[in-house]
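The values are calculated or read from the model by the stated rules, or taken from the named source; none is laboratory data. This structure is a prediction, so every number in the text was calculated from the model and none was measured. All Cβ positions, even for glycine, are placed from backbone atoms using ideal geometry, and neighbour counts span all protein chains on display. Ligands, DNA and RNA are stripped out before the accessible areas are found, and what is left, the full protein with its side chains, is counted by its heavy atoms. Shrake-Rupley method; radii C 1.70, N 1.55, O 1.52, S 1.80 Å.
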Amino acid sequence: MKQFDLVTDEKIKSQLNTKLIGQEIYAFWKIGSTNTFARQRALHDAPEGTVVIAEEQTQGRGRMTRQWESQFGKGLWFSVILRPQDVSPKAGLYTFLAGVSVAEAVEQLCGLRPELKWPNDLLLNGKKFCGILSEADFQNGHIRHVILGIGINVDHKQEDLPNSISESATSIRIESNWRLDRVKLLITVLKRMEKNYELIQTKGFDPILKTWKSYCPRLSKQIKVRQEHTIYEGIFQDLDEHGCMLLKTNDGQMRKIVAGDFA
Ligand code: BT5
């Protein structure tokens, strides 16, 4: 990869005019997982807003020990440390902050409107181009820190996608036919995140959840959700105040889905 294509901390810092997010940046060529490194830094009192980014992850993680494919130079693989003054049950809501910030940034820069898929995916034309892994530590019933891990497929051509995901995944380049500058996208996501984080601090999560729902065409539609070994079918009615899915199942019951996947 040519030097000018790399995402370096100098490039990020020279374009980022945020007050909180990205004041401290760790940029790597290669790392196991940016979330793992960010958590270690967070436990050692790294300041709120610290960003950890890598050109390649050798042990990129999804939820439930799944793997996240993170090839060199093809995407944005990064984590942000937040330290919200909030109670533990609210931790899961920060996934929605990340999802909305990425959706807004992609729409602003590419004119493509991504679909947000509960709880942590972003899709373009029905295929996944971004996944979010939010992990938190707690202290006395409060959040100590949240690590927002974000993986965005930016520059993959169809043939760059590993076989395991070539049917289900896509990238911004595949969908827009355009090579989006990764630094520009990162900066836009981080700026949106700062703005949305301020909004949460002043107005709570309602405005973010409202925006999230506006990017979710499956809301109010018939869906299937897999939770462990059970598949539930019904109407995706709403999100509750903790970001859980409220599913009105076909037998008329309202079921709260805490974690799961669309079948
Ligand atoms: C996620 O998990 O979607 C969360 C992914 C978070 C990745 C970021 S990158 C920076 C930070 N550091 C980390 O180590 N992780 C975070 P989940 O919903 O469990 O989805 C995982 C599934 O997505 C896999 O089992 C594959 O099917 C699929 N997948 C893997 N890599 C992909 C990719 N690059 N693009 C699209 N789909 C992928």
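Looking only at the range 32-41, decide whether some residue is in contact (Cβ under 8 Å) with a residue 24 or more places away in the chain and aliphatic (A, V, I, L, M). So that I can check it myself, show each step before the final result.
Step one: filter the range 32-41 for residues in contact (Cβ under 8 Å) with a residue 24 or more places away in the chain, giving 32-39, 41.
Add one more test, that the residue is aliphatic (A, V, I, L, M), and what stays is 38.
Within the range 32-41, one or more residues are in contact (Cβ under 8 Å) with a residue 24 or more places away in the chain and aliphatic (A, V, I, L, M).
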Looking at the range 215-263, which of its residues are open to solvent by less than 70 Å² (accessible area, probe 1.4 Å) and among the small types (Gly, Ala, Ser)? 234, 243, 252, 259, 260, 263
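Might you let me know whether the range 156-175 holds any residue that is more than 16 Å from the ligand (Cβ to nearest atom) and not assigned by TED's automatic domain parsing to the domain that holds residue 258? Let's see the steps before the verdict.
Step one: list which residues in the range 156-175 are more than 16 Å from the ligand (Cβ to nearest atom), which gives none.
No, the range 156-175 has no match at all.
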In the range 129-145, anything loosely packed, with under 15 Cβ neighbours inside 10 Å and of a type in the set (Phe, Trp, Tyr) is listed as 138
Filter the range 92-111 for residues that are in contact with a Ser or Thr (Cβ under 7 Å, 6 or more places away or on another chain), away from the ligand (no atom under 11 Å from the Cβ) and of a type in the set (S, T, N, Q) and give the result. 108
Count, please, the residues in the range 47-59 that happen to be touching a strand residue (DSSP E or B) at 6+ places or on another chain (Cβ under 6 Å) and within 13 Å of the ligand (Cβ to nearest atom). 7
Within the bounds of the range 31-46, is there any residue that is crowded, with 21+ Cβ neighbours inside 10 Å, more than 15 Å from the ligand (Cβ to nearest atom) and not charged (D, E, K, R)? no
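Where in the range 1-90 are the strands (runs of 3 or more DSSP E), entirely inside, with at least 3 residues that are assigned by TED's automatic domain parsing to the domain that holds residue 128 and either out of contact with any Asp or Glu (no Cβ under 8 Å at 6 or more places or on another chain) or modelled with pLDDT under 95 (or both)?
Numbers: elements: 25-31, 51-57, 75-82.
Where strands (runs of 3 or more DSSP E) fall fully within the range 1-90 and carry at least 3 residues being assigned by TED's automatic domain parsing to the domain that holds residue 128 and either out of contact with any Asp or Glu (no Cβ under 8 Å at 6 or more places or on another chain) or modelled with pLDDT under 95 (or both), they are 51-57, 75-82.
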Within the range 69-87, track down each residue that is open to solvent by 40 Å² or more (accessible area, probe 1.4 Å) and near the ligand (Cβ under 7 Å from one of its atoms). 69
Taking into account only those residues within the range 112-144 that are more than 15 Å from the ligand (Cβ to nearest atom) and in contact (Cβ under 8 Å) with a residue 24 or more places away in the chain, which is farthest from residue 70 (Cα to Cα)? 141
Hey, among the residues in the range 171-214 that are over 23 Å from residue 85 (Cβ atoms) and of a type in the set (S, T, N, Q), which one's least open to solvent (accessible area, probe 1.4 Å)? 171
